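The values are calculated or read from the model by the stated rules, or taken from the named source; none is laboratory data. For clarity, every value in this text was computed on a predicted model and none was experimentally measured. Backbone-built Cβ (ideal geometry, glycine too); neighbour counts: all protein chains shown.
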Amino acid sequence: MVRPEPAAGLVLVLALHGAALYGLWSYRLIPMQDEVATLLVNIIEPERPPKPPEPPKPLPPEKPRPVEPPRQLVAQAPVISPAEPVAPPPPPAPPAPVVTAPPAPPKPAGPVTLGGELSVACPERPPPRYPSISRRLSEEGTVVLRVELDEQGQVARAAVATGSGFPRLDEAAQAAVKGWRCTPARRDGQLVRAVALQPFKFVLE
């Protein structure tokens, strides 16, 4: 048979716990299930400062290389015994002949300029022919020709140095002087060309 005392004590303890819970709930000391929230706390670790770069390690000092002494190149000739024959040295080459260029031929000198008029050195000198048209037109004047003689004394060229003003008179003087025969000029005993001036005066009588 169960004793009633322990049961009464258990009921009393339960009643006290229920009253205590009710009092706590009435004073809002115990939150309701809807108010209960789960708080998750993540601990954020502070960022660590980057590590400073490590200073470069000093290189070990290089060992000085030994300086080799300069090499000398020595050409060694084989030792010739007295019994071995030695070839005589080759004879010296003959000197090259000196080629002298032939002397250049003397350049021909310019013509000799005759002093005075050409007629002095010309024994054969027919006079010029007066053009008939110039007579009718009363053309008068003086022509001065520059005459060049060759080595034989013949007229090689006759050019007008000073004209008379009438081409017909100038041409008549040139035609006349080309028929002259003159004494050849000489230089150092050799026949040379010569140049002289010769005037012609055309006057109507």
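Observations
- Test: residue in segment 127-138 that is of a type in the set (Gly, Ala, Ser) and surrounded by fewer than 15 Cβ atoms within 10 Å (Cβ to Cβ): yes
- Within segment 109-119, the set of residues being in a helix (DSSP H, G or I) and either modelled with pLDDT under 85 or closer than 20 Å to GLY189 by Cα (or both) comprises just one member, SER119.
- Only one entry in PRO127, PRO105 is more than 53 Å from the chain's Cα centre (by Cα), modelled with pLDDT under 95 and in a loop (DSSP other than H, G, I, E, B), namely PRO127.
- In segment 150-171, the residues that are within 22 Å of VAL203 (Cβ to Cβ) and out of contact with any Phe, Trp or Tyr (no Cβ under 7 Å at 6 or more places or on another chain): ALA158, VAL160, ALA161, THR162, GLY163, GLY165, PHE166, PRO167, ARG168, ASP170, GLU171
- Only residues that are assigned to a strand (DSSP E or B) and either more than 25 Å from VAL143 (Cβ to Cβ) or modelled with pLDDT under 90 (or both) were counted in segment 186-199, giving 5.
- Out of VAL147, VAL177, VAL112, one residue alone is within 57 Å of the chain's Cα centre (by Cα), of a type outside the set (Gly, Ala, Ser) and within 21 Å of PHE202 (Cβ to Cβ). It is VAL147.
- Within segment 186-205, considering residues that are in contact with a Ser or Thr (Cβ under 9 Å, 6 or more places away or on another chain) and crowded, with 16+ Cβ neighbours inside 10 Å, the one nearest to ILE133 (Cα to Cα): PHE202
- Every condition in (1) of a type in the set (Val, Ile, Thr); (2) closer than 11 Å to LEU197 by Cα; (3) out of contact with any helix residue (DSSP H, G or I) (no Cβ under 6 Å at 6 or more places or on another chain) is met by VAL147 except one, and the failing one is (3).
- For segment 136-153, residues that are part of a strand (DSSP E or B) and of a type in the set (Gly, Ala, Ser) total 1.
- Verdict on ALA156 being within 21 Å of PRO111 (Cα to Cα) and either hydrophobic (A, V, I, L, M, F, W, C) or part of a strand (DSSP E or B) (or both): yes
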